[in-house]
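Student: Got a structure here, written out as structure tokens. Questions coming.
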């Protein structure tokens, strides 16, 4: 991480979304409420699935892992955010190492969320389109293999982008107008050439995120075709209801990701900083 130390200071200043005291009171209450709902809700999901043997199925296995990921996702960002927006606190600094650590877990956990959502779409596809083969296809061995691959690729991708960011030199203003250390925000503060970082981010991000997204779209095309062939309205409703919440989270998750990252670096604005709050705080809260 020598690139960051060349600038002569080891801290960034997180300034948040707003500096106005009246806004900070509202933001503090909002983030605290969402954090508590997310933590309690996801913990209850994990405890319920772990304690009830009837829920030891592939669908709930993936759901428990999604809850576990979301739990650590918000814990990586929101506690520092609460300190930041607390109008009584003057501590807005985050160390260089702390910033890169937060960035590493942010990238890794977003990627892991993405991969788990894709495996859940595959699970729904097998359950609705191939129900007679569900038990044999979604075997415990395959579920563990799929999830292990998700964890491996996610944390390797996070490490890759973080090491790439560690080569960037920062100088001059280190004021981050955001609530956590986010990739595009840091690239805009760099005084070294970040063209390689941006190109790699677009290229790898498009593959890492759009490939599972395309797989999910294809899965749901087959799912909807199967649902339309169900003769009874009750059967159609029951089949669709198992996918509705998953579709809602997927739409919110990918909608905000595309809004923020599939655009030129020089067009990044405070509106995009607000959009990142959607996938970093709101989406994990939607899971419970």
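Student: What is the packing order of peptides 71-77, 207-213, taking the mean over residues of other C-beta atoms within 10 Å and listing the highest first? Walk me through the numbers before you get to the answer.
Tutor: Values: 71-77: 20.6, 207-213: 17.3.
Put in order of decreasing packing, that is 71-77, 207-213.
Student: For residue 55 and residue 167, what is the calculated FRET efficiency with R₀ set at 51 Å and r taken between the beta-carbons, to the nearest 0.05? Please report the intermediate quantities before stating the final value.
Tutor: Values: r = 45 Å, r/R0 = 0.89.
For R0 = 51 Å, the calculated efficiency reads 0.65.
Student: Most exposed first by the Cβ proxy, i.e. fewest other Cβ within 10 Å, how do 54, 229, 167 rank? Before the final figure, lay out the partial values.
Tutor: On the way: 54 7, 229 10, 167 15.
In increasing order of surrounding Cβ atoms, one gets 54, 229, 167.
Student: Using R₀ = 25 Å, calculate the FRET efficiency as 1/(1 + (r/R₀)^6) where r is the Cβ-Cβ separation of residue 145 and residue 245; round to 0.05. Numbers along the way, then the final one.
Tutor: Working: r = 25 Å, r/R0 = 1.01.
Once rounded, the FRET efficiency stands at 0.50.
Student: Additional query: If you stretched the chain out fully between residue 188 and residue 222, how much longer would it get, using 0.36 nm times the residue separation minus the C-alpha to C-alpha distance? Walk me through the numbers before you get to the answer.
Tutor: Values: separation 34, 0.36 × 34 = 12.24 nm, distance 4.19 nm.
Difference between extended and current length: 8.1 nm.
Student: Full extension from residue 25 to residue 159: what is 0.36 nm times the residue separation minus their Cα-Cα distance, to one decimal in nm?
Tutor: Values: separation 134, 0.36 × 134 = 48.24 nm, distance 3.54 nm.
Stretched fully, the residue 25-residue 159 segment lengthens by 44.7 nm.
Student: For 30, 278, 120, what's the fewest-to-most ordering of other Cβ within 10 Å of each Cβ? Don't skip to the end; give the middle numbers.
Tutor: Details: 30 13, 278 17, 120 23.
In increasing order of surrounding Cβ atoms, one gets 30, 278, 120.
Student: What nm distance separates the two modelled labels at residue 101 and residue 252, each placed 7 Å from Cα along Cα→Cβ?
Tutor: Once both label points are built, they end up 2.9 nm from each other.
Student: Next question, about the same structure. Given a Förster distance of 25 angstrom, what is the FRET efficiency for residue 133 paired with residue 68, based on the Cβ-Cβ distance and rounded to 0.05? Could you put the intermediate results ahead of the total?
Tutor: Numbers: r = 28 Å, r/R0 = 1.13.
E(calc), rounded to 0.05, equals 0.35.
Student: Looking only at the range 171-195, which residues have a backbone nitrogen under 20 Å from a spot 7 Å from the Cα of residue 11 in the C-beta direction?
Tutor: The answer is 171-182, 186, 189-190, whose backbone nitrogens lie closer than 20 Å to the label point.
FYI, it's all coordinate maths here, none of it is from the lab. Remember, predicted model here, so these are calculated numbers, not experimental data. FYI the Cβ positions are ideal-geometry reconstructions off the backbone, even for glycines, and counts take in every protein chain you see.
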